[in-house]
1. So, of the residues in segment 252-283 that are assigned to a loop (DSSP other than H, G, I, E, B) and among the polar types (S, T, N, Q), which turns out to be surrounded by the most Cβ atoms within 10 Å (Cβ to Cβ)?
2. Out of Lys125, Lys190, Lys149, Lys197, report the one residue that is at pLDDT 95 or above, among the basic types (Lys, Arg) and either within 23 Å of Ser304 (Cα to Cα) or in contact with a helix residue (DSSP H, G or I) (Cβ under 8 Å, 6 or more places away or on another chain) (or both).
3. Going through segment 18-52 one residue at a time, which ones are among the polar types (S, T, N, Q), without any contact (Cβ under 8 Å) to a residue 40 or more places away in the chain and closer than 21 Å to Tyr83 by Cβ?
4. Counting just the residues of segment 69-121 that are out of contact with any strand residue (DSSP E or B) (no Cβ under 8 Å at 6 or more places or on another chain) and on the phi > 0 side of the Ramachandran plot, which one comes out surrounded by the most Cβ atoms within 10 Å (Cβ to Cβ)?
5. List every residue pair whose Cβ atoms sit under 7 Å apart, with the two residues 6 or more apart in sequence or on different chains, where the first one lies in segment 184-213 and is closer than 12 Å to Phe232 by Cβ and the second, anywhere, is assigned to a strand (DSSP E or B) and at pLDDT below 90.
6. Would you tally the residues in segment 81-117 being farther than 26 Å from Thr163 by Cβ and without any contact (Cβ under 8 Å) to a residue 24 or more places away in the chain?
7. Any idea how many residues of segment 336-354 are closer than 18 Å to Lys379 by Cα and assigned to a helix (DSSP H, G or I)?
Amino acid sequence: MFCISVSFKKTPANVRQRFAFSKEEAKVFLDKLIKEQWITGGVIVSTCNRSECYFTGSKAYLSKIENWFAGYKKIDREWMKQYCLYYSGKRAIQHLYKVTAGLDSMVLGEDEILRQVKEAYLSAKEQGFVNSELNIIFQGTFNCAKQTKSETAISNTPVSIGTLTANMVETYLEEKELPKKVLVIGATGKIGSIVAKDLISKGISVTGTTRSHIGEDGVMLQGGEGIAWIPFDKRYEVISGVAAVVSATGSPHYTITKDAFEKNCGKAQKYLLVDLAVPYDIDQDLAQLDKVTLYDIDYFENLSSENYNIKLNEIDKAKSILADCVEEVQKKLLIREFQVKQEEAFQEKWFRKMISYLREALDSEQLEMVLTKIVKESKKEDWR
């Protein structure tokens, strides 16, 4: 297998979009390459952070593939090559496994890439572009990603401030036995939208502020599905009905002042206030109130840093798992190729047992040497 990769590591977003594939474009591209017999199988993974083409076949046709791609995307081939990374053989398999496990992601250990690679694989398989070699490799990478997730803390240790906030809000509401209702001020922003999305996924009711037009029913699906939207200037009217307020805007003024909060909050209820803005969105004097627990962005940035260090400590463990998985799939591919060449011998039970023993006893490089020797000797005489 070989791979052509364009990713965030080498390529800015405005250039990456030139290499992006829709599902239909991937189908047309792979269909062309297979009909021309330039490849024997292929899977294209295209996300906002990367576009990667995984092929089986001969690398001798790589220049033809590049030429056709450049023409298809209407870009200069030499300009294109400066952004491409190339992998082949074992390195291509290692790269795929690293990508699928989230170890090559912008956010270390993120889970979304596993779903995206699966969708790309299933789409290619549905179109008939996945041969037995790719099937072995991709099934292996899915199992490896699951093993990495279950045996390390690299995926379940969030570093996103938005996700950390949502987790803390959920825990606070459950521990205090408070209503699962939260007001997110700035829910259309980068951090606020993450907080809102994660809270909704946890079954928490979210009201979000917006300065744009909303429908009569107060629900706007675009930019925040399931959020009950209210105009920004109505924020104090809903405070008495929620148990937590998260504010993440770029406002130069307070979005929540102490005087206005005291006038509008419930009398007996405790509140969690989370300020994710710089400068502050929430009047820090609110921390003086007995009913209020107030956190600012420094708390979450420190927690994010601590979690990132945990992830870094887990990397060696994850890499060890990946190395074992790549070694195993290498052996599977070697035996698959060997079985095709020695189909008659594989009918013998003793022969299959011998190959099974060799697979367990040798590493992939040693196994390749032995299998190559067997094939070579078998051509000389009936060595059985």
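The values are calculated or read from the model by the stated rules, or taken from the named source; none is laboratory data. This one's a predicted model, so the numbers in the text were calculated from it and none came from an experiment. Here the Cβ positions follow ideal geometry from the backbone for every residue, glycine too, while neighbour counts run over all protein chains shown.
1. Top of the filtered list is Thr255.
2. Lys125
3. Selection gives Ser22 alone.
4. The qualifying residue surrounded by the most Cβ atoms within 10 Å (Cβ to Cβ) is Gly109.
5. Partner pairs satisfying both residue conditions: Thr188/Thr210.
6. Residues in segment 81-117 being farther than 26 Å from Thr163 by Cβ and without any contact (Cβ under 8 Å) to a residue 24 or more places away in the chain: 3 in total.
7. Qualifying residue count for the region: 9.
Yes/no matrix, rows are residues, columns are (1) surrounded by 15 or more Cβ atoms within 10 Å (Cβ to Cβ); (2) touching a residue at least 60 places away in the same chain (Cβ under 8 Å); (3) in the same structural domain as Gln147 (by TED's automatic domain parsing):
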| site | (1), (2), (3) |
| --- | --- |
| Asp285 | no, no, no |
| Gln288 | no, no, no |
| Thr293 | yes, yes, no |
| Asn307 | yes, yes, no |
| Ser320 | no, no, no |
| Arg336 | no, yes, no |
| Arg352 | no, no, no |
| Glu365 | no, no, no |
| Lys373 | no, no, no |
